[in-house]
Number of protein chains: 2
Amino acid sequence: MHLGMSVSDSDVSSFTPLVVLELADDTKAEAITWLLNRIRDKQQNGGAELLVDQVLLPVQDDQKSNPNVFVVGSTLQRLLNGAEDVGLFKEFQDGTMRGFTYANRESFRDFEGDGQAFLSDAECQYIIKHELDTLRAKNEEHVPGYPKLKLYPGKSVVRRLQSKGILIQYFPLHNKEDLKRLSFSWYKKIKLSFQPLDDIRCYFGEGLALYFGFLEYFTFALVPMALIGIPYYLFDWEDYDKYVLFAVFNLVWSTVFLEVWKRCSATLAYGWGTLSRKKAFEEPRPGFHGALGFNPVTGREEPVYPSSKRQLRIYLVSVPFVLLCLYLSFYVMMVYFDMENWAISIYTENPNFASGILMFVPSIIYAVVIEIMNLLYRYAAEFLTNWENHRLESSFQNHLVLKVLVFNFVNCFASLFYIAFVMQDMVLLRQSLATLLITSQILNQVMEAFLPYWLQRRRNKKVHKRMRRLMGDKELPLLEQVQLETDMNTYLGTFDDYLEQFLLFGYVSLFSCVYPLAAVLVVLNNITEVYSDAFKMCHVFKRPFSEPAANIGVWQLAFETMSVIAVVTNCALIGLSPQVNAYFPESETQLILVVVAIEHVLLAFKFILAFVIPDVPKRIQVKLDKLEFDSLEALKKRKILEVAETRNTWNK
Amino acid sequence: MHLGMSVSDSDVSSFTPLVVLELADDTKAEAITWLLNRIRDKQQNGGAELLVDQVLLPVQDDQKSNPNVFVVGSTLQRLLNGAEDVGLFKEFQDGTMRGFTYANRESFRDFEGDGQAFLSDAECQYIIKHELDTLRAKNEEHVPGYPKLKLYPGKSVVRRLQSKGILIQYFPLHNKEDLKRLSFSWYKKIKLSFQPLDDIRCYFGEGLALYFGFLEYFTFALVPMALIGIPYYLFDWEDYDKYVLFAVFNLVWSTVFLEVWKRCSATLAYGWGTLSRKKAFEEPRPGFHGALGFNPVTGREEPVYPSSKRQLRIYLVSVPFVLLCLYLSFYVMMVYFDMENWAISIYTENPNFASGILMFVPSIIYAVVIEIMNLLYRYAAEFLTNWENHRLESSFQNHLVLKVLVFNFVNCFASLFYIAFVMQDMVLLRQSLATLLITSQILNQVMEAFLPYWLQRRRNKKVHKRMRRLMGDKELPLLEQVQLETDMNTYLGTFDDYLEQFLLFGYVSLFSCVYPLAAVLVVLNNITEVYSDAFKMCHVFKRPFSEPAANIGVWQLAFETMSVIAVVTNCALIGLSPQVNAYFPESETQLILVVVAIEHVLLAFKFILAFVIPDVPKRIQVKLDKLEFDSLEALKKRKILEVAETRNTWNK
């Protein structure tokens, strides 16, 4: 066993540091010693068997720096064993993806020598995170030095420390060389090319790579729409009747697009080994609290929170709150229409250039207000969902996504629905749509990338200067890196990025037949979005832990729902068009019945199409079947051998 | 090894016979010898390791009897090993369902002594069927004695013999005592009670038990509708406006009913061990043919048939044929309306009792014609789907179900749709609905149970008399039983039974608001249906092999689709009602828009409800999670031990 204070005092640690742990600066020494021992202890004794070292950041004159920063690494052997623990899938000799096992390591394609280059950086860091997360309390009753911080056998130590604020954060370190190489192939090349998804996946993990894959796919899918949209814009600006054809194309496109994406994502996920990977048992999220009880699945002690209480919180507080916010959003919308009317009245009284510009001001103000409301609501939704005290991260995420989506949908599109179907003013609809779309794009780019980058740059310079001043010319790459990255903002996951794409998809598909140029704008936006997102991942935020993902999850459903709503709105818009009205001069009833019938047929067609197109390409399905068949056969063979052996034993 | 002709000549075999094999009576002796040897051979040598004996039926004066009838049985040890092969789930000590393994046999709840009563009869027969089906050719190039009957390594011997007509049939034997007990508790008791689903499952397997479970559930679910329907019938026969409320109730009911059924079926399937059981690799169906190639999944030799050819057959022949049949069905419908008009004209000219009766005649004739067309179409669909040459039984079934459902739906309901929405004659709709429903019920009961029973009874008597005459008073229970059951009709699966319930569901839900009595009629029909179906399973048909099933499969989807269509039709009927029309006296357009809006809300509500209600009850989900968690933990523990062992080996 390691002795008490074995924390190294050397500046640079003796192993490759992969993950940084930052504890609160007033953490008691005995707690630190205990934690480090548990991390270093052998697996047989319930430890994580990882390497850990303290990083002593230089004391500064003006600002006190946190002494409790540690870097964690691991031996190669431990990482390979960990890869088996987390159920990593790797490419086998025969080209299929199989669950990695240490015993069969030589049979995997990229395993050469001792397997130094077998695991990507992101995988190593993910394995370390997993091992830290599953480091469980043995028979400690509380964290040493903190009698109030109760522990019970099986409780994840890291989660307990995290939920009580002793563990401030832990995050993976950037690998400067890899990062340089990645950023070059990703966004520094001038020539247009596909994104290096495999490299992104190696560096940032599957979750993020899938987001960038989706972003690229979505943008490419919009190109035909954009190309068709341009002549519509150039030649027929005021002739909105011709858009019927465009809307029909749009409907078919949006269904096919989403179905084909499922197949693409399955292909990507198969190649990355996440498609057939089994989900590990999900631990309670760090913030979850309740009276101590027993989990019926694991049989372990665990906080238990009655689901009825949670339901009460959801239905008595969250739902009314969301409804209130929706009401507020409607109220703001009505104020916007008042402003709009006022601007129009000024223009009609005195039509000159200044009042012409004024016409656009209400829309721009409204777009800014919408963005601000979305932002504020986002915080409120997160707070509320946290307070609902969900046991699992996935359930938390689902409730958060639902809350945010409903509000953002209403907030962004309510005014457009009102203009389209209550006011039936197609010119205003087009103008509003354009203003909302353009303003929100500009705001998003600024808020998302340029502002954080600018802040980060200032901070970087300061840290760099300070380090130089303190340590003279000594080479301190690791120290400086740890100091810099500790202060960087944390990337909160792909939620906001997907949300933005979801809203853009709404602008493109819901009212496409009145404003075909929307697709062009979204394509332009997404091209810069790729660059700014790539840049922010590489230089603005802390490196995130890799997240194994087999698909884009709940967002697939969200996009599909949007495309169903798009069928309804586009059919209604077509029904309102003068051209279609002209076919039924004597009977409005007939017109409505025909439009409704067509809408039903389109919806049925959509569902049948979604049902008929297989979600996994045949090529991949064959490989999956092969894997399953092989494991069944292996089991059968083993069984027959066993039976034969038993019989031989009897015969002796 | 067994010697050539080891076929026993004794009348009654020395083991419990479970399955009967009937070969063609002109089968060559060397083929028989070879087959019996393969069945008896040890598993290590690629045999099935089962017991098999010839049953020599007495030679008859008038009719020659087939000498090549064999009974198959098994040792207990072999059956228990087989239970592991097929992946049977049984109840474990702790009350959860776990995959049976021979090594852990003592830990399963009902395993007592040597495990004599552990496996049900149906399970034993299913295991024997599985072992026979997976008896594979080794290096035989053809069936001995039949140089044209090519074999290749890995080809299922039984399937090859079956597809070439040498193996005429193989089926499980009834167990007379169990059957007596089952029929008593099932349909001979006078008092009304739930069906003995567990006993049905033990005797006939999960597939059939789920059908009877569904039938019972569906009938119970209709009772509230029937109870509400009776006063509507008694007091308001001609006042169809009040049915709006009834329709709304109906819509909510049909959604909830189908969602709750999923939960019930999951509970049943969990208790029967089929819910978490993995599907075995699916072999090509016996009739499948093609050029010999390699299966990409198994790597084995197998017939390969290009999917493009199949697509051609489907789109160039099957689809046009189905469309032609639909056209024919419409044509018949128009003839019916002509007859209807003619009957009405006679009644209006001369309204007396005879012409009043005549009013119903066209509907009755039409109902009979519909049933005949359904029957003929059923044969055609089966022929066509067979000709499409699907590789898998499941794909065959899906294409057959789709063909049959589309045609039956149109054939049965087209006239009702026409009357409701084109003629808008609600009185005729009600009358047509009643006549169709009642006639088809009566026809079904006669065709399905009474006729086969009557034929079977005659045959039974004849066989019984003949046996007595030939063998005098000697006790010949097995011989007689084999002879009787060989001649019985084969039960072709639950397809027709589900189809009937599907059409009844359509009658109840599509136009419920004009004829609330439909539910009453269906309840009455289903009560007799339970009895007649139970009777026909026990006494009219050969015992079917048990079919492990976790749910009602494609029928769940079919019923859900019907309930979606029901939303549309009921909303439309409500929109047509004079009462609702009265609310919008000045504007028909407004009325339609409101009805369409309500319909969309109802549809959205339906989808959300289906999404929100979990398909598996929480109690069962916890057990499933526990099983998965335990197996993960076991794997982890084994791994840590292995690592420790490896380390110890190194240290030595």
I'm checking my understanding of the structure. Among residues of region A:575-589 that are in contact with a Leu (Cβ under 8 Å, 6 or more places away or on another chain) and away from chain B (no Cβ under 11 Å), which one is farthest from B:V596 (Cα to Cα)? A:Y583
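Take the conditions assigned to a helix (DSSP H, G or I), of a type outside the set (S, T, Y) and surrounded by fewer than 15 Cβ atoms within 10 Å (Cβ to Cβ) and apply them to A:I608. Does it pass? Full working, then the answer.
Numbers: assigned to a helix (DSSP H, G or I): yes; of a type outside the set (S, T, Y): yes; surrounded by fewer than 15 Cβ atoms within 10 Å (Cβ to Cβ): yes.
It is true that A:I608 is assigned to a helix (DSSP H, G or I), of a type outside the set (S, T, Y) and surrounded by fewer than 15 Cβ atoms within 10 Å (Cβ to Cβ).
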Would you check if there is a residue in region A:365-375 being over 24 Å from A:I552 (Cα atoms) and open to solvent by 70 Å² or more (accessible area, probe 1.4 Å)? yes
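Test A:Q621 against the stated conditions and say whether it is modelled with pLDDT of 80 or more, over 24 Å from A:L251 (Cβ atoms) and of a type in the set (S, T, N, Q).
Details: modelled with pLDDT of 80 or more: yes; over 24 Å from A:L251 (Cβ atoms): yes; of a type in the set (S, T, N, Q): yes.
Yes, satisfied.
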Among the candidates B:L245, B:L210, residue that is more than 27 Å from B:Q579 (Cβ to Cβ), away from every other protein chain (no Cβ under 14 Å) and not aromatic (F, W, Y): B:L210
Tell me which helices (runs of 4 or more DSSP H) are completely within region B:510-604 and hold 2 or more residues being more than 19 Å from B:E500 (Cα to Cα), or say none if there are none. B:554-576, B:578-583
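Residue by residue, here is whether (1) of a type outside the set (S, T, Y); (2) touching a Ser or Thr at 6+ places or on another chain (Cβ under 9 Å) holds:
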site	(1), (2)
A:R378	yes, no
A:T385	no, yes
A:S395	no, no
A:V406	yes, no
A:V410	yes, yes
A:I419	yes, yes
A:R430	yes, no
A:I442	yes, no
A:Q456	yes, no
Single condition B:I552 does not satisfy, out of (1) within 11 Å of chain A (Cβ to nearest Cβ); (2) touching a helix residue (DSSP H, G or I) at 6+ places or on another chain (Cβ under 8 Å); (3) in contact (Cβ under 8 Å) with a residue 40 or more places away in the chain: (1)
Taking region B:581-604 and keeping residues of a type outside the set (A, V, I, L, M) and modelled with pLDDT of 90 or more leaves B:E599, B:H600
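From A:S577, A:S587, which residue is farther than 24 Å from A:F505 by Cβ and among the small types (G, A, S)?
Numbers: A:S577 fails: farther than 24 Å from A:F505 by Cβ.
Matching residue, one of A:S577, A:S587: A:S587.
So is B:E131 modelled with pLDDT of 85 or more and closer than 24 Å to B:V55 by Cβ or not? Before you say what the answer is, go through the steps one by one.
Numbers: modelled with pLDDT of 85 or more: yes; closer than 24 Å to B:V55 by Cβ: yes.
Considered against the rule, which asks whether it is modelled with pLDDT of 85 or more and closer than 24 Å to B:V55 by Cβ, B:E131 comes out as yes.
Pull up region A:38-56, narrow it to residues that are open to solvent by 20 Å² or more (accessible area, probe 1.4 Å) and in a loop (DSSP other than H, G, I, E, B), then point me to the one that is modelled with the lowest pLDDT. Outline the logic, then answer.
So in region A:38-56, the residues open to solvent by 20 Å² or more (accessible area, probe 1.4 Å) come out as A:40-46, A:49, A:51, A:54, A:56.
Now narrow it down to the ones that are in a loop (DSSP other than H, G, I, E, B): A:41-42, A:46, A:49, A:56.
Values: A:D41: 90, A:K42: 88, A:G46: 83, A:E49: 89, A:L56: 74.
Residue satisfying both the conditions and the ranking: A:L56.
Being over 20 Å from B:V564 (Cβ atoms) and within 31 Å of the chain's Cα centre (by Cα) is the filter here; which residues of region A:552-610 pass it?
Scanning region A:552-610 gives A:I552, A:G553, A:V554, A:W555, A:Q556, A:A558, A:F559, A:M562, A:T569, A:N570.
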If we take region A:300-410, then helices (runs of 4 or more DSSP H) inside it with 2 or more residues that are within 23 Å of A:I442 (Cβ to Cβ) are A:319-349, A:353-358, A:361-387
Restrict the check to region B:590-597 and report whether at least one residue is farther than 30 Å from B:Q483 by Cβ and more than 12 Å from chain A (Cβ to nearest Cβ). no
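B:R310 - would you say it is in contact with a strand residue (DSSP E or B) (Cβ under 8 Å, 6 or more places away or on another chain), within 14 Å of chain A (Cβ to nearest Cβ) and open to solvent by less than 70 Å² (accessible area, probe 1.4 Å)? Before you say what the answer is, go through the steps one by one.
Values: in contact with a strand residue (DSSP E or B) (Cβ under 8 Å, 6 or more places away or on another chain): no; within 14 Å of chain A (Cβ to nearest Cβ): yes; open to solvent by less than 70 Å² (accessible area, probe 1.4 Å): yes.
It is false that B:R310 is in contact with a strand residue (DSSP E or B) (Cβ under 8 Å, 6 or more places away or on another chain), within 14 Å of chain A (Cβ to nearest Cβ) and open to solvent by less than 70 Å² (accessible area, probe 1.4 Å).
From the list A:F194, A:F218, which residue is more than 20 Å from the chain's Cα centre (by Cα) and among the aromatic types (F, W, Y)? First the steps, then the outcome.
Working: A:F218 fails: more than 20 Å from the chain's Cα centre (by Cα).
Result: A:F194 is the single residue among A:F194, A:F218 that is more than 20 Å from the chain's Cα centre (by Cα) and among the aromatic types (F, W, Y).
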Any hit, region A:513-526, residues being surrounded by fewer than 20 Cβ atoms within 10 Å (Cβ to Cβ) and of a type in the set (S, T, N, Q): no
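Take residues that are surrounded by fewer than 21 Cβ atoms within 10 Å (Cβ to Cβ) and either touching a residue at least 24 places away in the same chain (Cβ under 8 Å) or not hydroxyl-bearing (S, T, Y) (or both) and tell me which of the strands (runs of 3 or more DSSP E) falling wholly in region A:64-167 contain 3 or more.
Values: elements: A:69-73, A:89-91, A:97-99, A:146-150.
Filter on region A:64-167 gives A:146-150.
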When the residues of region B:555-570 are filtered to those that are within 19 Å of B:L210 (Cβ to Cβ) and within 13 Å of chain A (Cβ to nearest Cβ), which remaining residue is least open to solvent (accessible area, probe 1.4 Å)? B:A558
The correct count of residues that are open to solvent by 10 Å² or more (accessible area, probe 1.4 Å) and closer than 18 Å to A:D497 by Cβ in region A:378-397 is 4
Can you spot a residue in region B:176-196 that is under 26 Å from B:G73 (Cα atoms) and assigned to a loop (DSSP other than H, G, I, E, B)? no
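Could you go through region B:534-545 and let me know if any residue there is touching a residue at least 24 places away in the same chain (Cβ under 8 Å) and surrounded by 23 or more Cβ atoms within 10 Å (Cβ to Cβ).
Keep residues of region B:534-545 that are touching a residue at least 24 places away in the same chain (Cβ under 8 Å), which gives B:534-545.
Filter once more, so that each one left must be surrounded by 23 or more Cβ atoms within 10 Å (Cβ to Cβ): B:537, B:543.
Scanning region B:534-545 turns up at least one residue that is touching a residue at least 24 places away in the same chain (Cβ under 8 Å) and surrounded by 23 or more Cβ atoms within 10 Å (Cβ to Cβ).
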Look at region B:283-305 and say how many of its residues are within 14 Å of chain A (Cβ to nearest Cβ) and either open to solvent by 60 Å² or more (accessible area, probe 1.4 Å) or of a type in the set (V, I, T) (or both). 5
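The values are calculated or read from the model by the stated rules, or taken from the named source; none is laboratory data. All values derive from a computational prediction rather than experimental measurement. Ideal geometry is used to build each Cβ from the backbone, glycine not excepted, and the neighbour counts take in all protein chains shown. The accessibility values were calculated without ligands, DNA or RNA, using every heavy atom of the protein model including side chains. Shrake-Rupley method; radii C 1.70, N 1.55, O 1.52, S 1.80 Å.
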